[in-house]
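The values are calculated or read from the model by the stated rules, or taken from the named source; none is laboratory data. Note that this is a predicted model, so its numbers are computed, not measured. When we count neighbours, we look across all protein chains shown, and the Cβ atoms used for this are built from the backbone with ideal geometry, even at glycine. To get the accessible areas, we keep the full protein, side chains included, count just its heavy atoms, and leave off ligands, DNA and RNA. Shrake-Rupley method; radii C 1.70, N 1.55, O 1.52, S 1.80 Å.
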Amino acid sequence: MARGAAQARRQQRPKEPPKKRKRAAPAYEQTMFFPRLRRQAKWVFVFLALVFAVGFVAFGVGSGSSGISDILRGNFFGGGTSTSSLVKQKQKAIARNPKDISAYLDLAGLYQQDQDETKALATLSKAEQVAPKNFDVLNRIAGIFSGQAELERQAAQNAQIVYFESTVSPPGLDPSSTLGQAISGDPYSDVLKTRANEAYSKMVSAFTKAETAYKKLVTAAAGTSQEANAQLQLAGAAQISGDTTAAVNAYTRFLKIAPDSPNALAVRQTLEQLKASLPQSQR
């Protein structure tokens, strides 16, 4: 009886509602933005990765492409025309019409784009044979030689700086003294001096080639609006190559053509210095 009464009391007792489990306090890592974002919205990172990947391709970051212009030209995802195929096209165009100067210029430009100035010059030389006085052809040739000369000038300047820095005598030391000559005449300094002289010779040779090219350009540009700039370029190349007479003549012609040019004042000052270095009979 007692057992039955206890069981009846348990059945009559109201059932307690199930206890809700308390949510644990978020860990410190869970409150941080990027870990929470990475855990709860991984697709966002996929999207950002795609955006950055497309951005790097489109704008040419870290690649040899020209970026967004490749897309506009149809070169995105390999859908464009390669340089080699364009070269073949221009070569065929020249074969069909050996007097097509535009095709020569385009082909030379493609070679320059591939950093192959030897082939570019060879192509432009053929164009010059077809049209010896074509301004665009001669201007392109002169530009290539001028660029090469400028690189040689920078190399010569750097070689000179390295040499002079290695031969600087201590303050108060006479360079002509025994100790001064010993410091400046060590084998290492001799090597640097040789390198500096070789670099200078290469620079002069490069500017001589540029001078020859600009002389042709000046002849083609005579009487046109391009002559003043051609004369100025010729004068600069001749001055560095050591052809003072040619430099004086070109500077003089420039001042006659463009006396009001912004460069006129500097040209006059340079011209006075160059004339002073010439023999009296040539001034």
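Assorted remarks:
- For the residue pairs Lys133/Lys275; Lys119/Lys215; Lys92/Lys209; Lys88/Lys126; Lys99/Lys202, the C-alpha atoms sit more than 27 angstrom apart in Lys133/Lys275; Lys92/Lys209; Lys99/Lys202.
- Label-point gap, in nm, between Thr224 and Glu198 - each point 7 angstrom along Cα→Cβ: 4.1
- Extended-chain gain in nm, criterion 0.36 nm per residue less alpha-carbon gap, Lys119 and Gln280: 53.5 nm
- Mean separation of Cα contacts under 8 Å (6+ apart) over length of segment 221-277, as relative contact order %: 29
- Element breakdown for segment 84-176 at a 1.4 angstrom probe: carbon and sulfur atoms account for 51% of the accessible area.
- Here the 3J(HN,Hα) profile of segment 116-132, calculated from phi with Karplus coefficients 6.51, -1.76 and 1.60 at θ = phi - 60°, is 10, 6, 5, 5, 4, 5, 5, 5, 5, 5, 5, 5, 5, 5, 6, 9, x Hz, Gly and Pro shown as x.
- Solvent exposure of segment 227-269 as accessible area per residue, Å², 1.4 Å probe: 48
- Global form of segment 177-268, assessed from the alpha-carbon gyration tensor, a/c cut-off 1.5: prolate
- Vicinal HN-Hα couplings computed from phi for segment 248-257 (Karplus, 6.51 cos²θ - 1.76 cosθ + 1.60; Hz; Gly/Pro x): 4, 4, 5, 5, 5, 5, 4, 5, 6, 7
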